[in-house]
Amino acid sequence: MIAILKAGHIVALSVWCAGLIMLPVILHYYGRGAKVRTQAGFATIRNLSHFSYTRLVTPAAVIAVSAGTVLIFLLELVDFWMLAKLVAVAGMVLVHAWLGHLIAQTGEGLGAYEMPPPLIALVLGVPLMVAVLWLVLAKPDLAPLVERIPAFLREPQDRELRPDLVPI
């Protein structure tokens, strides 16, 4: 059971990471060319980016995160490197969401949308992917880094929240 989950997690994560690299390249090189100014060119880039994002990359991301979450609970992984990995994965989710926003805006903007450089997603996403890979393979001991955090940030303070901050 665990081997199947790990294999599914690795395959889904690989597809997700490939998509986070592929989509900015497609949006940058094909989504800004002269061919896009024609209706046929626009339809092609729109279909390619929308289909890739909604039918391939997003399901892979959901499967990768879901399988990873199940593995955390099954293997009872409680370590500082896992927390750091989850922070890097959260960054990948933000890059993924930003790419989805760009794809939606280019499709719905009717040519009036000035897209920011999509290669920014590569600059942000690739280091996060490398960090996830390094953290999983190296499993570094991050306890010395955690010990450098001030004690008031590591320990509960046993204080009540102000009444205006309590949501209920």
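The values are calculated or read from the model by the stated rules, or taken from the named source; none is laboratory data. These numbers were taken from a predicted model, which means no experiment stands behind them. Every residue, glycine as well, gets a Cβ built from its backbone with ideal geometry; the counts of neighbours run over all protein chains shown.
Summary of values
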item	result
Tally, over the stretch 51-81, of residues that are among the hydroxyl-bearing types (Ser, Thr, Tyr), within 15 Å of Ile2 (Cα to Cα) and either modelled with pLDDT under 95 or surrounded by 14 or more Cβ atoms within 10 Å (Cβ to Cβ) (or both)	1
Scope the stretch 24-43; condition assigned to a helix (DSSP H, G or I), at pLDDT below 80 and under 18 Å from Ala104 (Cβ atoms); matching residues	Tyr30, Val36, Phe42, Ala43
Residue list for the stretch 1-24, filter: crowded, with 20+ Cβ neighbours inside 10 Å, closer than 15 Å to Thr69 by Cβ and of a type outside the set (Gly, Ala, Ser)	Leu13, Trp16
Extreme residue, farthest from Leu20 (Cα to Cα), among residues of the stretch 95-120 that are surrounded by fewer than 14 Cβ atoms within 10 Å (Cβ to Cβ) and at pLDDT 90 or above	His101
Test: residue in the stretch 72-88 that is of a type outside the set (S, T, N, Q), over 20 Å from Val132 (Cβ atoms), under 17 Å from the mean Cα position of the chain (by Cα) and in a helix (DSSP H, G or I)	no
Of the criteria (1) within 22 Å of Ile10 (Cβ to Cβ); (2) surrounded by fewer than 14 Cβ atoms within 10 Å (Cβ to Cβ), which one Pro167 fails	(1)
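A quick yes/no check of all residues on (1) part of a helix (DSSP H, G or I); (2) under 28 Å from Ile72 (Cα atoms):
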position	(1), (2)
Ile103	yes, no
Thr106	yes, no
Leu128	yes, yes
Ala131	yes, yes
Trp134	yes, yes
Ile149	no, yes
Leu153	yes, yes
Arg159	no, no
